[in-house]
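What follows is a set of notes on a single structure, which appears directly below.
The values are calculated or read from the model by the stated rules, or taken from the named source; none is laboratory data. None of these values were measured; they are calculated from a predicted model. Cβ coordinates were reconstructed from backbone atoms using ideal geometry, including for glycine residues, and neighbour counts include every protein chain displayed. Just the protein is used for accessible areas: all its heavy atoms, side chains included, with ligands, DNA and RNA removed. Shrake-Rupley method; radii C 1.70, N 1.55, O 1.52, S 1.80 Å.
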Amino acid sequence: MSQAAIAEAAKAALKDASRFLFFNEQGTVLASSFTVEPSELKPLELLFSDRDEAIKHGMTVLGTRYEVHRHHPPLIYGRTMGAVPEESEGCAISRIENGLGGQACYGLITYQMPNISARMVPMLQKFCREHLEPK
């Protein structure tokens, strides 16, 4: 599947996400709705290798820290922790172990209230299975 096709499919299937990003283990961006900070990709991958470190350091996307609330590979997700919970933003990342090109691929979304993890995480997981796994 081409990068353009992934991006178009994500715009339709993940329309309630405020941002999306799909990349592989080599740090190649497959599709994104924002300008990616390349230095943030490897730390996002490393979230899957150590639960304690992931919870301690959280996830960083565009310089914003998201506290990790759930670490259940292949899914990790959490929220920003501001003063007003209704204004927090969620972030979820899903890993496909044997993805496109035979390498691990990752899908990440951020989402704002009233969208919650219970709804958004399964949508991300379904999208990743359908678009990042080889056919």
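Numerical summary
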{"read-out": "Residue list for region 69-99, restricted to those being within 14 Å of G58 (Cα to Cα) and touching an Asp or Glu at 6+ places or on another chain (Cβ under 7 Å)", "value": "G78, R79, T80, M81"}
{"read-out": "Residue match in region 95-103 (condition: touching a Leu at 6+ places or on another chain (Cβ under 8 Å) and polar (S, T, N, Q))", "value": "no"}
{"read-out": "Exclusive hit being in contact with a Ser or Thr (Cβ under 6 Å, 6 or more places away or on another chain), closer than 19 Å to C91 by Cα and of a type outside the set (D, E, K, R), set L14, L21, L30, L41", "value": "L21"}
{"read-out": "Matching residues in region 38-65 - criterion: being within 14 Å of the chain's Cα centre (by Cα) and open to solvent by 50 Å² or more (accessible area, probe 1.4 Å)", "value": "K42, P43, L46, T60, L62, T64, R65"}
{"read-out": "Residues satisfying the stated conditions in region 70-91, i.e. under 14 Å from the mean Cα position of the chain (by Cα) and free of Cβ contacts under 8 Å to residues at least 12 places away in the same chain", "value": "H72"}
{"read-out": "Filtered residue count, region 36-53, keeping only those that are more than 17 Å from A4 (Cβ to Cβ) and either in contact with a Gly (Cβ under 9 Å, 6 or more places away or on another chain) or in a loop (DSSP other than H, G, I, E, B) (or both)", "value": "10"}
{"read-out": "Some residue of region 20-33 being modelled with pLDDT of 95 or more, β-branched (V, I, T), open to solvent by less than 70 Å² (accessible area, probe 1.4 Å) and in contact with a Phe, Trp or Tyr (Cβ under 7 Å, 6 or more places away or on another chain)", "value": "yes"}
{"read-out": "Candidates A7, A17 - the one that is farther than 15 Å from Q103 by Cβ, surrounded by 14 or more Cβ atoms within 10 Å (Cβ to Cβ) and modelled with pLDDT under 95", "value": "A7"}
{"read-out": "Residues located in region 85-135, provided they are in a loop (DSSP other than H, G, I, E, B) and either open to solvent by 60 Å² or more (accessible area, probe 1.4 Å) or among the polar types (S, T, N, Q) (or both)", "value": "S88, E97, N98, Q103, M113, P114, N115, I116, E133, P134, K135"}
